[in-house]
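What follows draws every value from the coordinates through simple rules; no lab data is involved. Remember, it's a predicted structure, so these values are computed and weren't measured experimentally. Here Cβ is always computed from backbone atoms with ideal geometry, including for glycine, and neighbour counts include all displayed protein chains.
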Amino acid sequence: MSELKRDIRYIKGVGPRKSYLLKRLDINTVEDMIWHMPRGYDDRRNIKKIGDLELGEKVTFYGKISGEINISRPRRNLLLTKFNVRDETGSIEIVFFNRAYLKRMLIPGQRVMINGEIKKGYKGLQVTGPIIEKADTQSDNRQCIVPIYPSTDGLSQKELISIQKKALQIVNNSVMEYLPERIIRNHRLCGIKFALHNIHFPISIQALKIAKYRLVFEEFFLLQLGLFNIKGRVLQDKTGIVLKNNDKIDEFIKKLPFALTEAQKSVFREISSDLEKDIPMNRLVQGDVGSGKTIVAIMSLLKAVTNGYQGGFMAPTEILAEQHYLSMKELLEPFGVRVRLLVGSLPKNEKDKTLKEIELGEVDIVVGTHALIQEGVNFCNLALVITDEQHRFGVRQRAVFADKGENPHVLVMTATPIPRTLALILYGDLDISTIDQLPPGRRTIKTYSRTSVNRNRIYDFVKRQLDEGRQAYVVCPLIEESEYMDIQSAIKIADELSTVLLKNYNVALLHGKMPTKEKEKIMAGFKEGNIDVLVSTTVIEVGIDVPNATIMVVESAERFGLTQLHQLRGRVGRGGHQSYCILINNSESVISKRRMDIMQNTADGFIISKKDLQIRGPGEFFGTKQHGLPELKVANLFKHISVLKTVQKEVEKMIAADPNLNLDNYPLLKEKLEQKFCFEEGYSFLS
Ligand code: ADP
Ligand code: MG
């Protein structure tokens, strides 16, 4: 086994404690460590005396801890540590927030190195939350550019740096250049070893730039090649299924309980005209939460069915699939359309029966989850596949779904619009339609950000809504995560609400790990109004539609992305009553505050997702794991757009020269690609 693939404990000095902490950072192997990129650097080549420090500069200085170490707790959730550091020229106050573990290393008289920004305090200059190290290591770090790593409580920068140095020694004899020599030469890239060493411990600013360029180039290059493999070869000319217009659809529209918005009509016209052509449609419909994408999908399905074909509709969760199934059944059965549900948790005999019906063409529309794209699902004559909430699926899943038919039309829907540059990467082959209008009569949801100090008052407010006959959602962060992080789990919150804060109301818990039957029961109970308060994890994030629910409380809202919060918030404000969303923010950080402000002040999902993308970067934004896409560790799709364009041209050239992109001459590159793209079992790269 390559040394890189070894468990991180292979590195000397990494024992159970450190490896446990490193796992929190997703570092399991030596290789993970090497790709744990600095989030910034400290230029410690310029060291100052305390007497010379100036307001606003970012510097390094050395001194002794002088006088008392003052630890206080002015508020719940806030631990202040204050002390002075002195050298022969002067003294300055150092302040830390919530860093209990510092206590161990802070000993009056201890010599320390401080690196941080000089600010104005109450009594003169001050440094808050700097990097602090015992100064006996000063010789190590003096006069160099030092990486700053993303870390976790209990793991110091010094420890990370020392582990990284050892990991990089392993690089020397186990990493081989995997980019083709021609590419390296033409684009004047540095070698991989130089790049890795200098991205962590740059010998100069120039070397850092060169290293970074290489790694950014490489990440985009691998991403683009991988994506080509996923979807590239489907771009060849193909004959599609012509679906003709007919009266049934007009009749269906007339019988709807509401009039379509202009935006819905025009998007359906675009889809309709695609379906009438003999080339397969590839269209993305984007529209804010609640803009009414489902009905557009249903009309498209009806078009397929009235032409004698089958349609498939895939949603990311069972709860959502079921809801879509019920509404389609209600709307379409009067028109003689046969709708079935296919989800993983169906009893075997029921599933087998449905599978047989699908194969024999005794079903017109199948609504389901991932279960739809499993082996053993064979459609008889599939003409249209629709994926709802596309951003929750992988690029490859879309392709697999389409493979269930013979060049069926493909429609994907999302409430998470993305910038054009990204669309080019993810959905390069899609046409885009936008539903840019909400159905009439929707009121803006009043959104408030509060801290948990106000909990009782928040839930008093919830009670008033419940007393008026409304219903409430309480959303909690994922249960899995709470093993690591100190967050209240949904179970605990449901318990607290039903026994204390909302004890006279009917409170129920819903989460993804529950048996399907129970989930169904609870969802039905909430829909019918027998349950007043639904405490849930993010399983309700997408799609759920209960118009009488007018208030949503999000616990630990700082743990969610903005787009996710917007989706969640979209669960209320679906009926005629004024609706509310209360975000409980437990974080003191400026970024959290900024994000909550955006939620309070913005109702437009497009603006929100743009800001989200800027704050978080695309990796987290898309949940790359779901996409099966490698995470970008160095490259940034906003900052490095010009490199991306260079790479795209290069890849186009390669493909033009060799349309099947046979990488047999580049075994190392091929191996790297296979490694980076985490394909499901049974799928081999470039096969
Ligand atoms: P999303 O775009 O978020 O998937 P849905 O399709 O779930 O939104 O629609 C949200 C709600 O709006 C549903 O209850 C749906 O029946 C309703 N709706 C859709 N179109 C209209 C319309 N033109 N007028 C009034 N209500 C509509
Ligand atoms: Mg929807």
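Here are a few things to note about the model shown:
- Nearest-20 debye value, segment 46-143 charge dipole, Cβ charges on Lys, Arg, Asp, Glu: 540
- Annotation: Cα Rg of segment 633-678 relative to the compact-globule expectation 2.2 N^0.38 Å equals 1.35.
- Ordered by the count of other Cβ atoms within 10 Å of each Cβ, fewest first, His187, His200, His640 give His187, His640, His200.
- Its Cα centre serving as origin, the chain has a Cβ charge dipole (Lys and Arg +1, Asp and Glu -1) of approximately 2460 debye.
- Simple Cβ-charge dipole of segment 249-435, Lys/Arg +1 and Asp/Glu -1, about Cα centre, in debye nearest 20: 200
- Neighbour-limited loop hits for trypsin sites (Lys or Arg not before Pro), segment 1-99 (at most 12 other Cβ within 10 Å; DSSP other than H, G, I, E, B): Lys12, Arg39, Arg76
- Translational diffusion coefficient (Stokes-Einstein; Kirkwood radius from C-alpha pairs) of segment 249-435 at 10 °C, 1.306 mPa s, in µm²/s: 96
- Rh by Kirkwood over Cα pairs, then Stokes-Einstein D for segment 446-602 at 1.567 mPa s and 4 °C, µm²/s: 83
- DSSP-loop chymotrypsin sites (Phe, Trp or Tyr not before Pro) across segment 90-177, with at most 14 other Cβ within 10 angstrom: Tyr122
- Separation between Cα centres of segment 271-336 and segment 1-77, rounded to whole Å: 52
- Lys/Arg +1, Asp/Glu -1 at C-beta; the chain dipole; positive extreme among Val366, Pro334, Met596: Met596
- Proximal lysines relative to Lys521, as straight alpha-carbon distance under 17 Å, when same-chain residues fewer than 8 apart are discounted: Lys513
- Entry note: the chain has Rg to Rh equal to 1.00, where both radii use alpha-carbon atoms and Rh is the Kirkwood radius.
- The chain - share of DSSP beta bridges that are antiparallel (%, nearest 5): 40
- Put in line by how crowded their Cβ is, counting other Cβ atoms within 10 Å and starting with the fewest, Leu341, Leu583 read Leu341, Leu583.
- Cβ crowding within 10 Å, taken as a proxy for footprinting-reagent exposure, orders Phe217, Phe379 from fewest neighbours to most as Phe379, Phe217.
- Highest to lowest packing among 574-580, 147-153, 251-257, scored as the average C-beta count within 10 Å: 574-580, 147-153, 251-257
- Within segment 528-577, the GluC sites (Glu not before Pro) that combine a DSSP coil assignment with at most 10 other C-beta atoms in a 10 angstrom radius are Glu528.
- Projecting the Cα atoms of Thr81, Met113, Asn46 onto the dipole axis of segment 46-143, where Lys and Arg carry +1 and Asp and Glu carry -1 at the beta carbon, places Thr81 farthest toward the positive end.
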